[in-house]
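Below is one structure; the comments refer to it alone.
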Amino acid sequence: METRRDIFQAIADPTRRAIIGLIAIQAMTPNAIAEHFANSRQAISKHLRILTECELVKQEQKGREIYYSLEIEKMKEIDKWLEQYRKIWEIRFSQLDDVLSTIKTNKK
């Protein structure tokens with residue numbers, strides 16, 4: 001049985017997050033990406049395969065080279081999922097500000 005990876009498993013790995021950061025700026029070949037890491041070229045290829053399977057990166061053939069670039073729509077899925085928590089955090093920070101203001105006022 002084949003296990004399906006999801007985008008959250010993909011971004012859980014620090015090397016894959018670093019790869020995403022690199023190709024967010026510009027499309028790069030696997031060799032160009034590998035130059036930024038101490039990992040083997042084979043290890044970087046495995047990370048790229050996982051990112052591709054999760055559709056976080058896309059491949060484009062240009063001549064003899066394959067270039068990897070970020071798939072923005074998939075990144076939006078991550079942002080959308082985080083949005084629900086962002087709202088909770090903002091409410092809690094606002095409540096904390098109110099408590100701290102009250103404490104500060106009561107100390108005077």
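The condition (being touching a residue at least 60 places away in the same chain (Cβ under 8 Å) and of a type in the set (D, E, K, R)) is satisfied by just one residue among K58, K74: K74. Considering segment 13-52, the residues that are part of a loop (DSSP other than H, G, I, E, B) and not acidic (D, E) include one that is surrounded by the fewest Cβ atoms within 10 Å (Cβ to Cβ), namely A38. All of K74, K87 fail the test of being over 16 Å from the mean Cα position of the chain (by Cα) and in a helix (DSSP H, G or I), apart from K87.
Of everything in segment 62-82 that is out of contact with any Leu (no Cβ under 6 Å at 6 or more places or on another chain), at pLDDT below 90 and charged (D, E, K, R), the residue that is farthest from A18 (Cα to Cα) is K80. Per the listing T52, T102, the residue uniquely among the β-branched types (V, I, T), out of contact with any Cys (no Cβ under 6 Å at 6 or more places or on another chain) and assigned by TED's automatic domain parsing to the domain that holds N31 is T52.
The values are calculated or read from the model by the stated rules, or taken from the named source; none is laboratory data. Fair warning: this is a prediction, and the values are worked out from it, not measured in the lab. Because the Cβ atoms are built from the backbone with ideal geometry, glycine has one as well, and the counts that use them run over all protein chains shown.
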